[in-house]
Amino acid sequence: MRTYGQFCPVAKAAEIFAERWTPLIVRELLAGSHRFSELERGLPGIPRSLLVQRLRALARAGVVEQRRTGRNGHDYHLTAAGQELFGIVQGLGEWGQRWANMEIREEDVDPSLLMWDMHRRINVERLPDQRIVARFQFTGTARGTYWLILERPEPSVCLTDPGFETDLHVTADTLALHRIWMGHAAFRDAVRGGLVTIEGPSKLARALPGWLALSTFADVKPVVQPRHRSS
C-alpha cells in the first residue's frame with residue numbers, strides 16, 4: 001500500500017479507505033453482502049483478483065474479518081472499526097447525490113446492478129403473505145430480463161427464469177427506472193408517460209411501487225449549480 005508519509009489522521013485513513021474500489025466494497029458490506037459472490041454482484045466490473053487483494057488489505061488494516069461458514073467456506077464481515085465507516089460512506093453518498101449526481105446518463109445505467117440494489121431495498125413489511133414474482137423487461141439504453149422474487153423474510157433477484165409463475169410483468173425504459181430509483185423522477189409519472197408499464201392483477205400492480213423503498217439516497221435532492229460561461 002502506498003502511503004502519504006504524513007502523521008495526519010486524514011492521510012492515514014485515506015491510505016486505507018480511499019483506494020479505488022475500497023469505498024464501494026465497504027458500501028456492499030454495510031448493505032449486507034457477505035459472500036464473495038454477493039460482493040461481485042454488487043461490484044460489476046471489478047476484477048476478481050483485485051477484489052481478493054482489496055479484501056486482504058482491509059483485513060490487514062483491521063476493517064474486515066473472515067468468518068467460517070461450514071467446513072471450507074467463509075464470508076466477510078466488517079469489524080467494529082469497519083462499522084464506524086458507516087457515517088463516512090453515508091455522508092459520501094449524500095454528498096455525491098447532492099453535488100455530483102444531478103443527472104443519470106446513459107453511460108451510468110446498469111440494469112443488473114439496479115436489480116441487485118432493488119432486491120435489498122424492499123419494504124418487506126408491506127408485502128402480501130404469498131410470494132410475488134415480478135418479471136422486469138428493460139428496454140432502451142440497456143436491455144435485459146430479470147425476476148424479482150418478493151417474499152418474506154428476504155426478497156431475491158434472478159438472472160434466469162426461476163420457474164415460478166409470474167404475477168407481474170414490468171416493462172421499463174432502463175434510463176427511466178434508474179432515475180426513479182435515485183429519486184430523480186416519480187414512478188407514477190413514468191407510468192403515465194408510458195416509460196413503465198405493469199401488467200398483472202390490478203391490486204398487485206397498484207401495490208408494486210409502494211413495495212420499492214428506492215435508493216438510500218433517493219430523498220437527497222441534487223443541487224442544480226449555475227452554469228459558468230467560458231470567456
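Odds and ends about this structure:
- Qualifying residue in segment 177-187 (condition: more than 18 Å from Asp108 (Cα to Cα), among the charged types (D, E, K, R) and surrounded by 17 or more Cβ atoms within 10 Å (Cβ to Cβ)): no
Residues are listed down the side, and each one gets a yes or a no for (1) assigned by TED's automatic domain parsing to the domain that holds Asp117; (2) buried (at least 17 other Cβ atoms within 10 Å of the Cβ); (3) at pLDDT below 95; (4) more than 20 Å from the chain's Cα centre (by Cα):
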site: Tyr4; (1), (2), (3), (4): no, no, yes, yes
site: Arg27; (1), (2), (3), (4): no, yes, no, no
site: Val52; (1), (2), (3), (4): no, no, no, yes
site: Arg60; (1), (2), (3), (4): no, no, no, yes
site: Thr79; (1), (2), (3), (4): no, no, no, yes
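- Count of residues meeting criterion [farther than 19 Å from Met118 by Cα and either modelled with pLDDT of 95 or more or aromatic (Phe, Trp, Tyr) (or both)] in segment 200-231: 4
The values are calculated or read from the model by the stated rules, or taken from the named source; none is laboratory data. All values derive from a computational prediction rather than experimental measurement. As a convention, Cβ positions derive from the backbone with ideal geometry for all residues, glycine included, and neighbour counts pool all protein chains shown.
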